[in-house]
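This report concerns only the one structure given below.
The values are calculated or read from the model by the stated rules, or taken from the named source; none is laboratory data. Quantities reported herein were computed from a predicted structural model and do not represent experimental measurements. In this analysis, Cβ positions are derived from the backbone assuming ideal geometry, glycine residues included, and neighbour counts consider all displayed protein chains. Surface accessibility is based on the protein's heavy atoms, side chains included, excluding ligands, DNA and RNA. Shrake-Rupley method; radii C 1.70, N 1.55, O 1.52, S 1.80 Å.
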Amino acid sequence: MTTTTNGSNGHHGLLGAADRLGPLSGKRIIDFTWAWAGPYGAMQLALLGAELVKIESATRIDHSRQRSLAMGSFKGGVNQAPMFNEVNLNKYSIQLNLKMEGAKQVIRDLARNADGAIDNFRPGILEKLGLGYDDLREFNPEIVMVSASALGATGPERNYTGYAPTFAALSGLSYLSGEPQEPPVMMGGSIDLRAGTTAAMAMLAGFHYHARTGRGQFIDASSSEAIGMHIAEEFLHVDLLGRDGERLGNGHRAYAPHDVFRCASMRRPEAYTDDHKGARSGWIAIACRSDEEWASLCECSGLDHLKEDPRFRTGLKRWKHRAELKPMIEAWTSEQSAVETAEALRAAGVPAAASVWGSDIHHSENFRERGGAVSVRPPETHLRQVLPPPWKLSETPAEIVSPAPRLGEDTDYVLSRMLGYDQERIDTLAREGALE
């Protein structure tokens, strides 16, 4: 089932705080984030029902409105950028030039009734503007603020700037990614999304603490450390053995076979069916963790003779001879369908899965039965399909209620409806350049 959100209810269709169903309904968060990681993390909170008031300015346009490190530049206006429209769903946009005192006062007034604030600037940027955590808590001691910088707000490297490949490199994850004899792999957009999600989780923890104590707090989130969480075993490796682990590629430190194997040629594009069986994957992932799984793999593949091969009789021997084992298995998989073979292996108790493409997932029965894609129509661009929230909450649904906002689209709404400014005050701010 596909849901369409097209912004038919006034200010691009956003529901007010009282009308939202998500578990964060009633929470208001000042969103200072820009680029990719920060906005994506803030969007997770918006999908869960919080009101996200995104602070933007024509004097410092969010560069994801103009270009993307992943997708490059594009031809179009600031409200048509594909990347911006992907990671800013469900948000309000207010246009403020934070160099102007009037704009800073708007932030202070927002802070009085806000539950949280989130940014992904270098440490000290908001403080120089008089809008850091210590400044905001003077107006609201209970506010929770998450600041997600490249390497955290303390330490000798706190002033580093960064983006996804930087976070991955400085976390140690890039060094461990890739084949043993090849260079480290540069990692991109998915790193930003992980860092942003970790920042969103930190905000939830802050809200939980506030619910128990009535107190706010500052949360110093390092994007590089957020990525480093994924390789905790490597730190243990250094601690116990005094040296770094080696790059493993698709291998494992103990199991073999444990790899991705080439399969028969990909299916024809026109062969899409109503289920996933024709998926065009040309690869299958197989892992054997025990002698029983190894025996099942040999039986399913017709490679029974390998069970008696002295090189492969035990898990340790298979691991030592894994380089010899891989081409033997791949000689079989290269003549098989990845999806059907994976199903047969799983039925026999062998962990296996086809490495499918995004389009295969999009067309799969499982994806459709879980709600499918959501269609949104940003005001100045074409209909887009976006992924729905990954959580299915039975009582407080997470939902997409609007496309990403146009630059400053909700300025009047935020000032008049949220803050109660009269028209004379709004006009004065505009004349002074605070709303640029």
Self-check item: the range 103-136-the range 356-424 distance, computed between alpha-carbon centres (Å)
Solution: 26 Å
Practice problem: Per residue of the range 217-231, in order, report the coupling 6.51 cos²θ - 1.76 cosθ + 1.60 (Karplus, θ = phi - 60°) as ³J(HN,Hα) in whole Hz, putting x for Gly and Pro. | Solution: 6, 9, 10, 8, 10, 8, 5, 5, 5, 4, 6, x, 4, 6, 10
Exercise. Give the ranking of Arg289, Arg158 by solvent-accessible surface, highest area first, calculated with a 1.4 Å probe.
Key: Arg289, Arg158
Quiz item: Want the number for Leu387 to Leu21: 0.36 nm per residue separation, take away the alpha-carbon distance, what's left?
Solution: 129.9 nm
Quiz item: From the backbone phi of the range 256-264, what are the Karplus-calculated ³J(HN,Hα) couplings (6.51 cos²θ - 1.76 cosθ + 1.60, θ = phi - 60°) in whole Hz, Gly and Pro given as x?
Solution: 7, x, 8, 6, 10, 10, 5, 10, 4
Exercise. Could you tell me which of rounded, prolate or oblate describes the chain, using a ≥ b ≥ c as the square roots of the eigenvalues of the alpha-carbon gyration tensor, with rounded for a/c under 1.5 and, failing that, prolate when a/b is larger than b/c and oblate otherwise?
Key: prolate
Quiz item: Any idea what the dipole of the chain comes to, in debye rounded to 20, about its Cα centre with Lys/Arg Cβ at +1 and Asp/Glu Cβ at -1?
Solution: 260 debye
Quiz item: Can you run phi through the Karplus equation (6.51, -1.76, 1.60; θ = phi - 60°) for the range 312-324 and list ³J(HN,Hα) in whole Hz, with x for Gly and Pro?
Solution: 10, 6, 10, x, 5, 5, 4, 5, 5, 10, 4, 5, 7
Practice problem: Using amide H atoms built 1.01 Å from N in the peptide plane, name the residues 5+ places from Gln336, or on other chains, whose amide H lies under 5 Å from its own. | Solution: Ala264
Quiz item: Just by accessible area at a 1.4 angstrom probe, what is the order of Lys326, Lys392, Lys317 from largest to smallest?
Solution: Lys392, Lys317, Lys326
Self-check item: FRET efficiency for Gln423 and Asn250, using Cβ-Cβ distance with R0 set to 41 Å, rounded to 0.05
Solution: 0.05
Quiz item: Near the amide H of Trp34, under 5 Å away, which other amide H atoms are found, from residues 5 or more places off or on another chain, if H is placed in the peptide plane?
Solution: Asn120
Practice problem: Using R₀ = 51 Å, calculate the FRET efficiency as 1/(1 + (r/R₀)^6) where r is the Cβ-Cβ separation of Lys75 and Val238; round to 0.05. | Solution: 0.60
Quiz item: Listed highest first by mean packing, meaning other Cβ atoms within 10 Å per residue, what order do 236-249, 93-106 come in?
Solution: 93-106, 236-249
Quiz item: Taking H as built 1.01 Å from N, whose amide H comes closer than 5 Å to the amide H of Leu435, not counting residues under 5 places away?
Solution: Asn97
Quiz prompt | Folded to 0 to 90 degrees: helix 232-241 orientation relative to the chain principal axis, Cα | solution = 60 degrees
Quiz prompt | 0 to 90° range, to nearest 10: angle between helix 101-112 axis and the chain longest Cα axis | solution = 70 degrees
Practice problem: Any chance you could check the Cα centroid distance between the range 178-192 and the range 297-326 for me, in angstrom? | Solution: 30 Å
Exercise. Note down the nm distance, to one decimal, between modelled labels 7 Å out along Cα→Cβ at Arg212 and at His230.
Key: 2.9 nm
